[in-house]
Amino acid sequence: MLLNLRASAICEDYAMLRTLLVSLLLLGASIAGAAEPQTLVVYNWAEYLPKKVLQQFTRETGIKVQYSTYDSNEAMYTKVKTVKGEGYDLLVPSTYYVDRMRREGLLQPLDKSRLSNFGNLNPRLLNQPYDPDNQYSIPYLWGTTGIAYNEAKVASGKLTGWADLWDPAYKNKLLLLNDMREVFSMGLKVTGYSINTTDENQIRAAYEKLAEIMPNVRVFDAESPKTKFLSQEVMAGMLWNGEAYQASRENPKIRYVYPREGAMQWMDSLVISAGAKNLDGAYRFIDFVLRPEIAKQICEEVGYSSPNLAAIKLLPEKVRNNPTVYPSDADLKNVEFQTDVGAALPVYDQYWQRLKAGR
């Protein structure tokens, strides 16, 4: 009887010890998992976010950033759609792709109550047709697409409109952005149509006009087009205002012009991918970027216009009053925001491929 009692006690003690060991192992695994650094996957335009901003975010939060870049909305969209957003947390599409991606279920709706710095944004840039009430997107940077030229090669005042780029004097000396919508927007502006037309006859007319400029085109580039101006590989062409600003800091003879037919205006926004795994990290990053001192730092570094009113107040006067970065109302005359052209997109793409193949 005594032996049975002792055996029973030993079994109970063993069971308790085993339960305790299992609990300790589970607790250890939980602690180890919590100690592992989080990773936030960001997919953004090239040269569009200072490395020091990423480093500061990691220092403050402990969240590592896996950062990769693209050079066109089309490239980003194709990759994200192929994987249904899996593998990406944050993206930075332009207006017309925000519209398209939200309608196709590739983006998550936002909980703006998690963004304490949302109030810093300019109300004039919110609630746009491509995303009513900003249900899916947070403005990151905005800007324009206009004409840049090297004043050492082109006389000041000679280039005032898109149509001037067709001058045979620029044979093999121009840069066009490697961006279908931007190039066709220029062609549509010159032919007198809206940059958002879905009329195939108008798109064809723009293509035919663009075909005439091809002898002047030396290169298409959207990854780092300013470098072609700085190396003097080209003397003029179409350029984003931020690239022109960066180039002018290295070479003051690089000038930026708002074409008389109208520049293209755009907004790039932070959105959360439908397949995002690190949702908390995504919100923390967006709110971090909305802090005035961080938004100021981004604007100064990359040269695009900040939608953050609190950040603009912190900018040096030479940046705040630079028309390349912050255009006047007169500069923005006849500008258009690009919107989603829906079913007409394959039509644009067809003529885009023909245009580039004919070079």
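Does any residue of segment 59-75 turn out to be under 17 Å from Met180 (Cβ atoms), of a type in the set (A, V, I, L, M, F, W, C), at pLDDT 95 or above and surrounded by 14 or more Cβ atoms within 10 Å (Cβ to Cβ)? For segment 59-75, residues under 17 Å from Met180 (Cβ atoms), of a type in the set (A, V, I, L, M, F, W, C), at pLDDT 95 or above and surrounded by 14 or more Cβ atoms within 10 Å (Cβ to Cβ): absent.
Inside segment 218-241, residues that are surrounded by fewer than 23 Cβ atoms within 10 Å (Cβ to Cβ) and closer than 27 Å to Ser194 by Cβ make up a count of 3. Take the conditions aliphatic (A, V, I, L, M), under 30 Å from Ala206 (Cα atoms), crowded, with 17+ Cβ neighbours inside 10 Å and in contact (Cβ under 8 Å) with a residue 60 or more places away in the chain and apply them to Val302. Does it pass? Spelling it out, it is not the case that Val302 is aliphatic (A, V, I, L, M), under 30 Å from Ala206 (Cα atoms), crowded, with 17+ Cβ neighbours inside 10 Å and in contact (Cβ under 8 Å) with a residue 60 or more places away in the chain.
Over 16 Å from Glu74 (Cα atoms) and buried (at least 16 other Cβ atoms within 10 Å of the Cβ), is that true of Gly187? In short, yes.
Is it the case that Thr339 is modelled with pLDDT under 90 and either within 21 Å of the chain's Cα centre (by Cα) or outside any helix (DSSP H, G or I) (or both)? Lay out the reasoning, then the answer.
Working: modelled with pLDDT under 90: yes; either within 21 Å of the chain's Cα centre (by Cα) or outside any helix (DSSP H, G or I) (or both): yes.
Yes.
The values are calculated or read from the model by the stated rules, or taken from the named source; none is laboratory data. Here the structure is a predicted model, which means the values were calculated and not measured. Counting neighbours? That spans all protein chains shown, and the Cβs are built from the backbone with ideal geometry, glycine included.
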